[in-house]
Amino acid sequence: MNKIRVALIEDHDLTRVGIRTALQQRQEIEVIGEAANASEGLKLLQTSHPDIAIVDIGLPDKDGIELTRQIKASQDGEDDSNTKVLILTLRDNKEAVLAAFAAGADSYCMKDISFDNLLEALRVTHGGNSWIDPAIARIVLQQARETPEVAEPVTVDSKTVAINAADAEYDQMIAAYPLTERELEVLQLIVEGCSNAVIAEKLYITVGTVKTHVRNILNKLCADDRTQAAVRALRSGLVG
């Protein structure tokens, strides 16, 4: 099994050591290096090219959002081998969250995330999908509700996702193609950042069945991917 190569960029010593120690106990993870500031972190990424960089948003010399912007700007967005960025943050204010989206980070986790969920976020991110902490997804939803007349796009996984289409549009879409009770259960777990394997385990169904439900959900919500489906689900009130 190919290991997920992870670089850790975090200025708080205890936090960095704790995350590194926990990750090193998992055979599927290889911690290839760590840095305590953005400058060292950028050099680390340029020399080691990890699969995922866990980036603290509150670095001392340059915040994690600007570092993410630099990382993404230096990479070919079409190359699957590019380093993906998982933002780790204590800041749940709207400005920080939306700036992280715009900078092109791939996944977003609050620092109080459980270790099991962090592992799941790494797996999902490594698989090419975005893992968005439910607390952060709700911030995006709140921002959308406060500015219903403006269609603000956010960049997620090199794609543009509209987060605030008109309420009437969603009402018509959901009325025309209502989700089944099982699809709503799957959608709730997608919003919580669960992978297909975890959804299958939680709902006692096969991964193949989960994939079928996900495909139906994307079609009914006219969503291009799981991230867009999650945002639209929150925007329309399908899930809480």
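Determine, for each peptide in 222-232, 112-122, the mean count of other beta carbons within 10 angstrom over its residues, then list the peptides with the highest first.
Numbers: 222-232: 21.0, 112-122: 16.4.
Going from most to least packed, we get 222-232, 112-122.
Under 5 Å between amide hydrogens, which residues at least 5 positions from ILE29 or on another chain qualify, with H placed 1.01 Å from N in the peptide plane?
Here ILE4 satisfy the definition.
Measure off 7 Å from each Cα along the Cα-to-Cβ vector at ARG215 and LEU90, then give the distance between these two points in nanometres to one decimal.
4.6 nm
Could you compute the net charge surrounding ILE32? Neighbours are other residues with a C-beta less than 12 Å from the C-beta of ILE32; K and R count +1, D and E count -1.
On the way: positive: LYS3, ARG5, ARG20; negative: GLU30, GLU34, ASP51.
In short, 0.
Amide H neighbours of VAL85 under 5 Å, counting only residues 5+ apart in sequence or on other chains, H built in-plane at 1.01 Å?
Here the answer is ALA53, ASP106, SER107, since their amide H atoms fall under 5 Å of that of VAL85.
Per-residue HN-Hα couplings for segment 184-193, Karplus 6.51 cos²θ - 1.76 cosθ + 1.60 at θ = phi - 60°, whole Hz, x for Gly and Pro?
Once θ is set to phi - 60°, the couplings for segment 184-193 become 5, 5, 5, 4, 4, 6, 4, 4, 7, x Hz.
The numbers here are math on the coordinates, done by the rules we state, and not lab data. Computed from a predicted model, the values in this text were never measured in an experiment. As a convention, Cβ positions derive from the backbone with ideal geometry for all residues, glycine included, and neighbour counts pool all protein chains shown.
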